[in-house]
Structure formats: structure tokens, C-alpha cells
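Report on the structure given below.
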Amino acid sequence: MLISVPLLVIAMYLVHVGVSATVDPRSDFYLCLPRCQEGFDSITETYALDTNIFLRPFTYFASLFSGDGLGFSSSVGEPVGEVMRTRGWNTAMVAIPAFLLGAILSLLLSVYSARRQYSFGDYFFTSLSFIGFAMPSFVLALIIQVIFGVKLEEWFGIKPFNTGRKTGENFWELLRDITLPAVSLAILGIAADSRFGRSSMLETLNQDYIRTARAKGLTERTVVWKHALRNGLIPLVTLWALGFSALLSGSVVTESIFSWPGIGQTFLRALGDSDLDLLMAIVMFTGVLTVVFNLIADVLYGVLDPRIRLG
């Protein structure tokens, strides 16, 4: 936990240097100089662009912690804090169901494939996982959008799901909005997590203590779900921690295809408009989530395996 604090500080510093080196809010002004010198100078002063790039983070963080906030988004036209709150909530509405659906199904598939190794079901789900690995996220999102958003209406005259934008004014409309992007993100997670989980469960089920549990006459369900699952979950915890932090940080491709007003789509807009303050907030948010969820994963290792905690 103590290591996470300096790690966050270093990460935030490097993020600011990296974003400052690749984004110039004055890019639209260069062609009109010297006629727009006043606007050029104003932006230079606002973002301290005349300061050495390695010293700018100190100016930014001093302003941040003095109560000035995260700045103002030129691309959205709102304070960055408000943008992050609304767009972050929109992303969370898709990310949380996608993570829960992906985690539950990948866990069930991992246990099923490990218990029935080389069965027809194992081969079937392995083949589906390889297809999921090979399929780019934008292709999967488009296929889901076309089948469930367009073809269902053509074939059966029904449209149970919305295919773009946040249109819901009540719970059921919101559910129709988030279903397709959440399912799209969940499928991508299941493809990877179920393979790692299968390998981990196979290794765990061949351990000596599992043979001892079976020799004592315990039922197979007890052996698998009570004794083997805890150790088998350890690799999945790492994947889930990183995957959930990535989902909360926004999916640029999926949100763009479904026109979902989340962090991913906002990041793409901020990048195109050289919105330095908003880019900084989004990338820092991503870095903080990554460090925090890695820390959570480390803590969960000890919960799942007391040997790690005692070591």
C-alpha cells in the first residue's frame, strides 16, 4: 500500500509530461499568426506552455491542489470535473454490467471446461474463445449492432434493444440502451478470462491436496467449489482487476460505435480538439484506476491464499 503512493505520484507526473509532449492546444493558431497573437498568448499563459515541459506538472498540480479544480474543457464547453462526473457515470453504467456478466460466465466456463477436459463442450467453448480472441472489438460490436438492432426488426418486427446514444428516460429504456454495448464488452472479456481460468483450474485440480480431499470421500462439488476454486481464482483476480479498471476508463471503440457518451468517446473528442485539461484528467483517471485495482488484486491474493498473506 505504501508503494502505491509514490507509484501514483510518479505515474501522474509522467502522464502530464507525456500528454504535454504530444498535445498542443495552440495548434489551430499557428496558421493565423501574427493576427491571432493575443489568443495564442492567452492559451500559452493558461496552460503554462512557455514553461519547461518537465516543470509544467508542478504548476498543474499546484493549481489542482489549491482548489482551482481540473480546469475547463474547451471541446465540451464545461468544467472538466463536471465532464468527468457525467461521462464517468455513463461509462460505469455499461462497464459494471459488462464486468459482472463477463466475470460470472468466464468463471462458470472455466470450471466446466476444467472438469470436462477434452469433452465436446470443452472443445466447443475453446473454439468460441479463439474466435473471440481473433475478432477485433469493432467487428464484434458492429455484428451485435446489426443482428440485434437491425435484423431482428426486419425478421420479426421487434426491436428489443437500442443501437446508439443514451436515450433512456426511465429504467427500462436505459436497460435497452446499455444491453448491446455491455454484452459486446463482456464477450471480449469472457474469451480471454475463460482460457486463463481453465488452465488455472486444471492445474489446481491436479494438486495433491485435491487428491486428498477426494480420497476423504468429499463430493466432487465440494472439492471443486470449496477447495479448488480459491486457488484457481488467483490468475483470474489479476485479469478481473485490470479488466474492470480498463472498462471504467472507457472503451474508445465500443462507445464510438454505439454512440455512447462515456469517457472513451470523450477521450477521442478531446484528442482531436487538443483539449489538454480534459486529456490530462482522463489519462490520470486511467492511471489511478490501474494502480488502485492492482492494489486491490494484491490484497485479494492474500484473502484467497493464506500462504501469500503469511509470506
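The values are calculated or read from the model by the stated rules, or taken from the named source; none is laboratory data. This structure is a prediction, so every number in the text was calculated from the model and none was measured. Note that we place each Cβ from the backbone using ideal geometry, even for glycine, and neighbour counts take in every protein chain shown. Calculation scope for accessible area: heavy atoms of the full protein, side chains included, ligands and nucleic acids excluded. Shrake-Rupley method; radii C 1.70, N 1.55, O 1.52, S 1.80 Å.
Pull out all pairs, ordered by first then second residue, where Cβ-Cβ is under 7 Å, the residues are six or more apart or on different chains, the first lies in the stretch 125-136 and is under 14 Å from SER106 (Cα atoms) and touching a residue at least 12 places away in the same chain (Cβ under 8 Å), and the second is basic (Lys, Arg) and open to solvent by less than 90 Å² (accessible area, probe 1.4 Å).
Close Cβ pairs satisfying both conditions: SER129/ARG195.
Being touching a helix residue (DSSP H, G or I) at 6+ places or on another chain (Cβ under 6 Å), assigned to a helix (DSSP H, G or I), at pLDDT below 90 and not charged (D, E, K, R) narrows it down to one residue among GLY168, GLY189, GLY149; which is it?
Sole residue among the options that is touching a helix residue (DSSP H, G or I) at 6+ places or on another chain (Cβ under 6 Å), assigned to a helix (DSSP H, G or I), at pLDDT below 90 and not charged (D, E, K, R): GLY189.
Step by step: first the residues of the stretch 124-141, then only those that are of a type in the set (A, V, I, L, M) and surrounded by 14 or more Cβ atoms within 10 Å (Cβ to Cβ), then the one that is modelled with the lowest pLDDT. Which residue is that?
Here the residue is MET135.
May I ask you to list the residues in the stretch 263-304 that are over 16 Å from ASP24 (Cβ atoms), open to solvent by 20 Å² or more (accessible area, probe 1.4 Å) and not hydrophobic (A, V, I, L, M, F, W, C)?
Answer for the stretch 263-304, where residues must be over 16 Å from ASP24 (Cβ atoms), open to solvent by 20 Å² or more (accessible area, probe 1.4 Å) and not hydrophobic (A, V, I, L, M, F, W, C): GLN265, ARG269, THR286, GLY287, THR290, ASN294, ASP298, TYR301.
What's the number of the condition GLY217 fails, among (1) at pLDDT 85 or above; (2) open to solvent by 40 Å² or more (accessible area, probe 1.4 Å); (3) part of a helix (DSSP H, G or I)?
Condition (3) is where GLY217 drops out.
Specify which of the listed residues (GLY272, GLY264) is at pLDDT 85 or above and of a type outside the set (S, T, N, Q). Spell out how you get there, then give the answer.
On the way: GLY272 fails: at pLDDT 85 or above.
Only one candidate passes the filter, namely GLY264.
Would you point out the residue of the stretch 75-112, among those that are part of a loop (DSSP other than H, G, I, E, B) and buried (at least 17 other Cβ atoms within 10 Å of the Cβ), that is modelled with the highest pLDDT?
The selected residue is VAL76.
Can you name every residue in the stretch 17-63 that is over 33 Å from the mean Cα position of the chain (by Cα) and charged (D, E, K, R)?
Passing the criteria: ARG35, GLU38, ASP41, GLU45, ASP50.
Residue by residue through the stretch 142-168, note down the ones that are of a type in the set (A, V, I, L, M, F, W, C) and open to solvent by 60 Å² or more (accessible area, probe 1.4 Å).
The answer is LEU142, ILE143, VAL146, ILE147, PHE148, VAL150, TRP155, PHE156, ILE158.
Which one of the conditions (1) of a type outside the set (A, V, I, L, M); (2) under 25 Å from the mean Cα position of the chain (by Cα); (3) surrounded by 13 or more Cβ atoms within 10 Å (Cβ to Cβ) does ARG115 fail to meet, given that it meets all the rest?
(2)
Among the residues of the stretch 14-71, write down those that are basic (Lys, Arg), surrounded by 14 or more Cβ atoms within 10 Å (Cβ to Cβ) and assigned to a loop (DSSP other than H, G, I, E, B). Steps first, answer last, please.
The first filter runs over the stretch 14-71 and keeps only residues basic (Lys, Arg), leaving 26, 35, 56.
Narrowing further to those that are surrounded by 14 or more Cβ atoms within 10 Å (Cβ to Cβ): 26, 56.
ARG26 - this is the single residue of the stretch 14-71 that is basic (Lys, Arg), surrounded by 14 or more Cβ atoms within 10 Å (Cβ to Cβ) and assigned to a loop (DSSP other than H, G, I, E, B).
Could you list, in sequence order, the residues of the stretch 1-31 that are farther than 16 Å from SER274 by Cα and in contact (Cβ under 8 Å) with a residue 24 or more places away in the chain?
Matches in the stretch 1-31: MET1, SER4, LEU7, LEU8, ALA11, MET12, TYR13.
Working only within the stretch 254-292, note down all residues that are out of contact with any Gly (no Cβ under 9 Å at 6 or more places or on another chain) and of a type in the set (Ser, Thr, Tyr).
SER274, THR290
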